[in-house]
Amino acid sequence: MTGWTDTREGFARLGAEYTPDYRGYVINVRDEGEDWYVYAWDERNGVTAYLCHADTENAAREILEIHAGIRRSGFLCEVWTSEEVGHCPEGATVVRFTDSKRKPGKHVRILECPQHALRSESWTKLPISQYRDEYGIDPEDSGIIGGRLGPVREGESTWAVMVDHTCQAPYVRSTLRRALAKTEPTWSDTDYVNAARSLVFNLPEDGPWYLTRVELHTIRIALERRRAKYGRFTGPGNCEAYEAIAERITEASEHAIRRRQQGLS
């Protein structure tokens, strides 16, 4: 397994240079204090190129390890690439963030992979772990620009929701569409709005559905608002099936909340 070599104060290589295990190095560019630069080995071009900077050695090492594929961050890059691909499917390493100019004091951010992190120097940029430590905010709980699309990766918890009737998926998608079309916002956080938009197009007909905490809360809120308006779950289909899927979503959502409060996910 590739490990750190040639480690000394202010410098460390990931893997031994001139061997197949070599991945790059991190270096502190200040004589006093810390300002770490991360350089990644590009085997195609045969050069070690600048990747990004970090405030601490541990953060710099983590970035290079994730970039080299030795470990995963558990988050996907949220940069939108195209209608065909959607959001970038690569693993994120940094958080780029600022205060929204339209809503003063509203914290907004976007997760970026090493490739996209190089394309923009606007806003503040920190490694995921450092962002979490300094601000006490998990990236999943802060305002998002765009929605995360693509497969759920290791490190992001999901809950399986059983689907046992053909009317359940259309009913949930219809509920989300209605909620998105309302003049008054159904959800208080943009994470939920973006999750709803994604689920409208991507929620499978058959189950089980493997839903993240945000997706569970998004569906639950929409279903509760619809029930509050009509007094019961109504629609062209089996009313008992609507009740069943709502109960399963609520149960999974409550479990996700409890795990979050316990610091388990």
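Identify, by number, the condition in (1) within 14 Å of Arg213 (Cβ to Cβ); (2) outside any loop (DSSP other than H, G, I, E, B); (3) modelled with pLDDT of 60 or more that Glu140 doesn't meet.
(3)
Of (1) within 24 Å of the chain's Cα centre (by Cα); (2) of a type outside the set (Val, Ile, Thr); (3) more than 20 Å from Gln130 (Cβ to Cβ), Leu51 satisfies all except one. Which?
Result: Leu51 passes all but (3).
Look at the stretch 35-53 and say how many of its residues are surrounded by 15 or more Cβ atoms within 10 Å (Cβ to Cβ) and in contact with an Asp or Glu (Cβ under 8 Å, 6 or more places away or on another chain).
Of the residues in that region, 3 qualify.
Residues Ala117, Ala60: which one is aliphatic (A, V, I, L, M) and at pLDDT 80 or above?
Within the list Ala117, Ala60, the selection yields Ala60.
So is Ser198 at pLDDT below 85 and either within 19 Å of the chain's Cα centre (by Cα) or over 28 Å from Ala92 (Cα atoms) (or both) or not?
No: the conditions fail for Ser198.
In the set Ala12, Ala49, Ala40, which member is closer than 22 Å to Thr93 by Cα, at pLDDT 90 or above, among the aliphatic types (A, V, I, L, M) and in contact with a strand residue (DSSP E or B) (Cβ under 9 Å, 6 or more places away or on another chain)?
Ala12 is the lone residue from the list that is closer than 22 Å to Thr93 by Cα, at pLDDT 90 or above, among the aliphatic types (A, V, I, L, M) and in contact with a strand residue (DSSP E or B) (Cβ under 9 Å, 6 or more places away or on another chain).
The values are calculated or read from the model by the stated rules, or taken from the named source; none is laboratory data. Everything quoted here is computed from the prediction, not taken from an experiment. No Cβ is skipped: glycine too gets one built from the backbone with ideal geometry, and neighbour counts run over all protein chains shown.
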